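To start, the structure itself, in structure tokens.
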Amino acid sequence: MRFACLVMFFLFQAGFSFCLETQNKELNFVIFSDCHLKDTTTIGETILKNIIDRVNLDESKPEFAVCLGDIVELPKNASIQRYDRTIDKYLSITGRLNIPLYTIAGNHDLEHGEIASKIFQEKIGPLFFTLQKSEYLLIFLNSESVEKNSEQMQWLEKIFQKSKEKKIVFMHKPLFAVNLFKSFDIFTTQYLKDFFEKNNVFVIFSG
């Protein structure tokens, strides 16, 4: 069987709305990514506010929104206090959304050590989780930990063993490198490609 996943990449500045046909209705949702917020005012903050406003006014009435990671962009040696303030800024802006928001971590969100990772999980949510929507199983992954024997992938394998639904995967890093954009090494890419292919993954969203 040929690999059937559709791998898609999106820029933060635009934001995208999608409709997938289901048995009962369309699954309508919004995706944005790479806010790259700082604890000072940036253009990313303005763009994020504009996206929130556009989503709230969207007449197609999306059911939920997904942020594909890289909320934060701070120097690696930035203090935990700066990281914490930037996470709070993201939550304050996105708190105006009138639909549920599901956020996954990107590499910039997880490069500040264990304390920062703990703050992310306490204030935003787990690093990997699933959600059922109609006949689709939505899978939100931490793309910084997708090695074959990692805790996350062992968890996902158990999920796949029990689930027969079509699956939609959301993760920050793209499965395949595009131009100079760094993704996984070739061995991890092949492992994920084979793993997703045999487990009825319908589409992958990355950003």
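The values are calculated or read from the model by the stated rules, or taken from the named source; none is laboratory data. In this text, all values refer to a predicted model and were calculated from it rather than measured experimentally. Every residue, glycine among them, receives a Cβ derived from its backbone with ideal geometry; neighbour counts consider all protein chains shown.
Some points to look at:
- Verdict on residue 84 being within 14 Å of the chain's Cα centre (by Cα), charged (D, E, K, R) and either in a helix (DSSP H, G or I) or at pLDDT 90 or above (or both): no
- For residue 166, the requirement of being touching a residue at least 40 places away in the same chain (Cβ under 8 Å) and under 21 Å from residue 194 (Cβ atoms) is not met.
- Scanning region 27-77 for residues that are more than 19 Å from the chain's Cα centre (by Cα), part of a loop (DSSP other than H, G, I, E, B) and under 26 Å from residue 138 (Cα atoms) returns 57, 58, 59, 60, 61.
- Checked across region 112-134, the condition of being among the hydroxyl-bearing types (Ser, Thr, Tyr), within 30 Å of residue 75 (Cβ to Cβ) and crowded, with 21+ Cβ neighbours inside 10 Å holds for no residue.
- For residue 116: the one exception among (1) within 22 Å of residue 156 (Cα to Cα); (2) without any contact (Cβ under 8 Å) to a residue 40 or more places away in the chain: (1)
Listed here are the residues, each with its yes/no results for (1) free of Cβ contacts under 8 Å to residues at least 24 places away in the same chain; (2) over 22 Å from residue 61 (Cα atoms); (3) among the polar types (S, T, N, Q).
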position: 94; (1), (2), (3): no, no, yes
position: 102; (1), (2), (3): no, no, no
position: 110; (1), (2), (3): no, yes, no
position: 130; (1), (2), (3): no, yes, yes
